[in-house]
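See structure below.
Values in this text are rule-based calculations from the coordinates and carry no lab data. No experiment lies behind these values; they were computed from the predicted model shown. Cβ placement follows ideal geometry from the backbone for every residue including glycine, while neighbour counts extend to all protein chains displayed.
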Amino acid sequence: MTEEEEWSEEQQSFSYRQRLKAAVHYTVGCLCEEVSSDKDMQFSKQTIAAISEVTFGQCENFAKDLEMFARHAKRSTVNTEDVKLLARRSHSLLKYITEKNEDIAQLNLERKAKKKKKLEDENRNSVELAEAGVEETHVGSGRNKDKQPVDFACVVVRVGLPGQGSALCRRGSQGGVQTAGRCTTSSVHAPR
């Protein structure tokens, strides 16, 4: 790496660090303002700056500790166990983090179950369609001649000799009104 590239990288790092410090200072200022309105007390600019510096320094220490916890566990990614280890001295914070972690885990389980059920339903539907002679299905959305949003779904069913067939189309609008119709295989993508 050339000297110019190193200097550019240092400048970028410094700029990023300054923006982070400014964001912390702004947040501390907002919190101090909120406390001063609730408790009817004032914070000087020097006090806000000192709290900001201490907060930023503590955040740096937290980041280093989290990195070390993950590295000690032979991982390159910080996870919730590392955060819990960091918060172990504050029982209320540890309890809060644990509860939030459990809530997130429960949501993830529900999403996975929902996704699995959806895939099972889709597989069952595709088997039923294949048994019924359905060769293709198309679903999408577009706009009609009046430039109104329209959804469509077409099902191509092959009947008779190879190469002959018809497509059953379901047409619908954004309002949910649906009609059924027939279209030729050349207009499989017709709006429903």
What FRET efficiency comes out for S13 versus T77 if R0 is 25 angstrom and r is the Cβ-Cβ distance? Round to the nearest 0.05. 0.70
How many Å³ per residue does the convex hull of the Cα positions in region 25-87 occupy? 92
Using a Förster distance of 25 angstrom, determine the FRET efficiency expected from the C-beta separation of A105 and A63, and round it to 0.05. 0.55
Can you tell me, using C-alpha contacts under 8 Å and at least 6 residues apart, the relative contact order of region 3-86 as a whole percent? 21
Between S37 and E5, what is the spin-label point distance in nm, taking each point 7 Å from the Cα along the Cα→C-beta axis? 5.0
Just to check I understand the Karplus step: with θ = phi - 60° and J = 6.51 cos²θ - 1.76 cosθ + 1.60, what whole-Hz values come out for region 2-11, glycine and proline as x? 7, 4, 5, 5, 4, 4, 4, 5, 5, 4
